[in-house]
Amino acid sequence: MGEPCVSSLSLSEAASREEKTARFESDRKSRGPLINAIRRAIEEKRPYYSFEFFPPKTPAGVSNLFNRIERMAMLEPMFVDVTWGVGGNSSQLTLDIASNIQQFCSVECMLHLTCTNMTEATTKQALETAKKCGIRNILALRGDPPRGLDQWEQCPGGFAHAVDLVKFIRKEYGDYFGIAVSGYPEGHVAAVSREDDIKRLREKIEAGADFVMTQLFYDVDIFFRWVDQCRAAGITCPIIPGIMPIQNFNGFKLMTSFCKTSVPGDILANLEAIQHDDARVKQYGIDLAIQTCQRLLAGGVLGLHFYTLNLERSVAHILEGLGFVSHKRTGALPWKQSLVSRRAEEDVRPIFWANRPQSYLDRTVNWDDFPNGRWGNSASPAFGELLDYHLCSIRTGTREERLQIWCRAPTSAQDIYGVFANYIDGQIKRLPWCENPIQLETVPIKECLRRMNHKGYLTINSQPRVNGAPSSDPAVGWGEPNGFVYQKAYLEFFCSPANLDKMILLLVDYPHLQFTAVNQLNMRRSNNQNTGANAVTWGVFPGKEIIQPTVVEDSTFVVWKDEAFALWLSQWKAIYESSSNSASLIQDIHDTFYLVNLVDNDYINGDIFGFFDRVMQHDGKKEEETKRRKQD
Ligand SMILES: Cc1cc2nc3c(=O)[nH]c(=O)nc-3n(C[C@H](O)[C@H](O)[C@H](O)COP(=O)(O)OP(=O)(O)OC[C@H]3O[C@@H](n4cnc5c(N)ncnc54)[C@H](O)[C@@H]3O)c2cc1C
């Protein structure tokens, strides 16, 4: 191979966590054709890897896939890619998934595109959509024959071979898109000869492709021999081997016979011996993939491409086995940055959308001004219209799933409070306002949040105070190495007017606490004179100005409030019969409750939760008093 030799052992020793994080950030920021990041990795003799996903068949599968990709993005792949349905079916879904990943998942996404059933015009349409969504990389393929057909047929007005697609992309878009093509270490099934197949591969590179991604293989010797032949034939670009970890015996047999993949005798014998024990087959697949990758790395390969089959565990274990990933890395900012290039410099966001980042990105997608790294003018926020799309995020699951997790038939407000408390306990994975399970940083304040929820302070966002934690802290850290991060304690919750009164009554003793409450009719209560931005997260880093990436401000709170209240109805009430008691209960909460944000400006000694304990004790005392009076 043209890439220099690096052993996996020296790699895991050499790359400290901080260096790796900085490199990852630098790769992540270099949006555009992937070949640039690949070349840099080669220069630095640094391994890199990527993950392939395919479009799931059901809406719930799609929803889970996004969560999975977000988690797998923490494994720091250089990019992920999404397959194009065989025969061109599900192509719209492929486009949707790829563009969502590119915009919302903080990892570069490459789109597969095939010639099957595609005319020049539909190909152009797909590329235009990809471009609009910020996608910069295409894996240009001919495609397999649609199911049921043996022979691949050119679509009238379409392309005959992948090379024609490569030429078309270069002709229409110049260098805008990075282009990868496929290569076959064992020869393509329909190739005239191995030599002719390699000649065709070279033609794709000469037509403008940047690098090659290979078909899966299990015989490493075959791969190395083929790479030597490619190099001898004048193919000098990076060649990234495709690794498919074995997940189960039957799937493995099916895949290898479909792709006509050679399987070394010892691997087959080992697998046959354990074929009825799924767990052992999976573990064998992980161990085998680690050995394969180690041999590839030792032989000079730097890039590895994993066919994940949309599964997470095996790939995570393989990367751990190779010493490529630590368990946790901290991001450049406390929230995930979008990869859409126009947003590259964005470095301030309101805290309100912390648990619904996709909605925030979508509502601000057309903003093109970013004074001080902030999107839009904060005094008159030009947030996009609140659309059904923002409310019905596919991530909140189907109606049946929501019924299962958010209580089948609540009859009292206490039932609803219990759902919020269960979310804090981790028994429920999401709420309409919180698309993901509670975060690590919430663990220390869990107990208090649980008590608050049971008492009808329905929390949807929170952060503890932090006074100078290292930027590498696994729970609250973010940003560059050797920095320090700070946070003001923050709470956001829905509560009844009576509960709000109780809180306000005690606030006089807490001058550092600043709140704004607003109901769905826009009735506002606040002790906050300053309507400008209040930074609630900031970081101090060597040789840099202070970075303040998260703010609370009145003007954006009013925008968020509309979305937050609408979610009660669109996400929660909508799962019940419209005439049911459960539906009226949710409607009542929606109509009467306030949405409150509360900031503790004393980030050194503040005790926002101690304050709430007092509020709730006060409440208890009052209840006791009322009970006693009634008894008297
Ligand atoms: C990494 C990877 C990802 C894939 N992802 C997808 C996917 O998302 N969706 C999907 O449907 N399929 C996918 N495939 C499968 C792929 O589409 C098939 O293997 C297909 O049969 C060949 O595609 P290709 O791009 O290699 O075709 P081509 O490069 O066009 O080659 C196809 C055959 O034609 C020959 N050939 C090439 N050019 C010429 C020429 N000018 N004249 C004569 N013969 C020629 C080649 O030798 C080969 O035998 C993927 C394959 C790989 C390796």
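As a test of the formula, what do you get for the chain when each DSSP H run with n ≥ 4 contributes -39,500 (n - 2.57) and the sum is divided by the residue count, at 222 nm and rounded to the nearest 500 deg cm²/dmol?
Counting only the DSSP helices, I get -13000 deg cm²/dmol.
Ordered by residue, what ³J(HN,Hα) values in Hz, to whole numbers, does region 553-569 give under the Karplus form 6.51 cos²θ - 1.76 cosθ + 1.60, where θ = phi - 60° and Gly and Pro are x?
8, 4, 5, 7, 4, 5, 5, 4, 3, 4, 5, 4, 5, 4, 5, 3, 7
List every residue whose amide H lies under 5 Å from the amide H of Gly158, counting only residues 5 or more places away in sequence or on a different chain, with H placed 1.01 Å from N in the peptide plane.
Amide H neighbours of Gly158: Glu120.
At q = 0.07, 0.09, 0.10, 0.11 Å⁻¹, what is the base-10 log of I(q)/I(0) for region 6-324 according to the Debye formula with one equal point scatterer per Cα and no solvent? Please give it to two decimals.
-0.26, -0.44, -0.55, -0.68
Rank Pro55, Gln463, Leu141 by how far each Cα sits towards the positive end of the charge dipole of the chain (+1 on Lys, Arg Cβ; -1 on Asp, Glu Cβ) and give me just the farthest.
Positive-end residue among those listed: Gln463.
Which of the peptides 190-197, 445-452 is most tightly packed, and how do the rest follow, going by the mean number of other Cβ atoms within 10 Å of each residue?
Most protected by this proxy first, the peptides run 445-452, 190-197.
Just in region 247-291: which chymotrypsin sites (Phe, Trp or Tyr not before Pro) are loop by DSSP and have at most 16 other Cβ atoms within 10 Å?
none
Say the cut-off is 23 Å between C-alpha atoms; which of Lys204/Lys253; Lys455/Lys573; Lys488/Lys544 go over it?
The answer is Lys204/Lys253.
Would you please give the residues with an amide H less than 5 Å from that of Thr364, counting only those at least 5 places away or on a separate chain, with H modeled from the backbone geometry?
For Thr364, the qualifying residues are Gly384.
Please compute the contact order of the chain in relative form: average sequence separation of alpha-carbon pairs under 8 Å and at least six residues apart, divided by the residue count, as a percent.
Relative contact order, the chain: 13 percent.
How far, in degrees from 0 to 90, does helix 162-173 lean away from the longest principal axis of the Cα atoms of the chain, to the nearest 10?
Compared with the principal axis, the helix lies near 50 degrees.
Which of Ala73, Val615, Ser99 sits closest to the plus end of the dipole of the chain, meaning its Cα is farthest towards the positive end, when Lys and Arg get +1 and Asp and Glu get -1 on the C-beta?
Most positive-ward Cα: Val615.
With every protein chain kept in place and ligands, DNA and RNA left out, what is the accessible area per residue of the chain? Probe 1.4 Å, answer in Å².
I get 43 Å² per residue for this part.
Give me, ordered by chain and number, the residues 5 or more places off Ile460 or on other chains with an amide H under 5 Å from its own placed amide H.
When sequence neighbours closer than 5 places are left aside, the close amide H contacts are Glu492, Phe493, Phe494.
Short version: ³J(HN,Hα) in whole Hz for each residue of region 476-483, in order, from phi by Karplus 6.51 cos²θ - 1.76 cosθ + 1.60 (θ = phi - 60°), x for Gly and Pro, what are they?
Computed from phi, the couplings for region 476-483 are 10, x, 6, x, 5, x, 6, x Hz.
Using alpha carbons only, how many angstrom separate the centre of region 449-497 from the centre of region 46-71?
28
Just to verify a number: FRET efficiency for Val86 and Asp287, C-beta to C-beta distance, R0 = 45 Å, to 0.05?
0.90
Based on the mean of other beta carbon atoms within 10 Å per residue, what is the order of 425-433, 151-159, most packed first?
Result, highest mean Cβ count within 10 Å first: 425-433, 151-159.
What is the magnitude of the charge dipole of region 26-155 about its Cα centre, with +1 placed on the Cβ of each Lys and Arg, -1 on the Cβ of each Asp and Glu, and no other charges, expressed in debye to the nearest 20?
So the dipole magnitude of region 26-155 works out to roughly 400 debye.
Determine the sum of side-chain charges near Phe611: Lys and Arg each +1, Asp and Glu each -1, restricted to other residues whose C-beta is under 9 angstrom from that of Phe611.
Overall, the nearby charge balance is -3.
Of Leu268, Ala121, Thr236, which is farthest on the positive side of the dipole of region 6-324, counting Cα position, with +1 on Lys and Arg Cβ, -1 on Asp and Glu Cβ, and the Cα centre as origin?
Ala121
Applying the Karplus parametrisation 6.51 cos²θ - 1.76 cosθ + 1.60 with θ = phi - 60° to the phi angles of region 305-318, what ³J(HN,Hα) value in whole Hz is obtained for each residue in order, glycine and proline being reported as x?
10, 9, 7, 7, 6, 6, 10, 9, 4, 4, 4, 4, 5, 5
Across the Cα atoms of the chain, what radius of gyration and what greatest pairwise Cα-Cα distance (Dmax) are found, in Å?
According to the Cα coordinates of the chain, Rg and Dmax are 27.4, 99 Å.
State to the nearest 20 debye the size of the charge dipole of the chain about its Cα centre, where the only charges are +1 on K and R beta carbons and -1 on D and E beta carbons.
Around 420 debye, computed over the chain.
Expressed in nm to one decimal, what extension gain is obtained for the pair Gln154 and Asp501 from 0.36 nm per residue of sequence separation less their Cα-Cα distance?
Between Gln154 and Asp501, full extension yields 117.8 nm more.
Which order do peptides 106-114, 218-226 fall in by mean Cβ count within 10 Å, highest first?
106-114, 218-226
Ignoring ligands, DNA and RNA, what percent of the 1.4 Å accessible area of region 6-324 is carbon and sulfur?
Roughly 51 percent of what the probe reaches on region 6-324 is carbon or sulfur.
Out of region 35-88, which trypsin sites (Lys or Arg not before Pro) are coil in DSSP terms and have no more than 10 other C-beta atoms within 10 Å?
Sparse-neighbourhood loop trypsin sites (Lys or Arg not before Pro): Lys57.
Please report, largest first and rounded to whole Å, the three semi-axes of the ellipsoid equivalent to region 243-332, where each semi-axis is the square root of five times an eigenvalue of the C-alpha gyration tensor.
The equivalent ellipsoid of region 243-332 has semi-axes of 24, 16, 12 Å.
Pop a pseudo-label 7 angstrom from the Cα along the beta-carbon direction at both Asp219 and Ser580 and give the gap in nm to one decimal.
6.0
Suppose the chain between Arg231 and Ala60 were pulled fully straight at 0.36 nm per residue; how much longer would it get relative to their current alpha carbon spacing?
Full extension from Arg231 to Ala60 adds 57.1 nm.
Return the carbon/sulfur percentage of the accessible area of region 390-535, one whole number, probe 1.4 Å, all protein chains in place.
53
The values are calculated or read from the model by the stated rules, or taken from the named source; none is laboratory data. Predicted model, so just to flag it, every value in this text is computed and none were measured. Backbone-built Cβ (ideal geometry, glycine too); neighbour counts: all protein chains shown. Please note that ligands, DNA and RNA were not included when accessible areas were found on the heavy atoms of the full protein model with its side chains. Shrake-Rupley method; radii C 1.70, N 1.55, O 1.52, S 1.80 Å.
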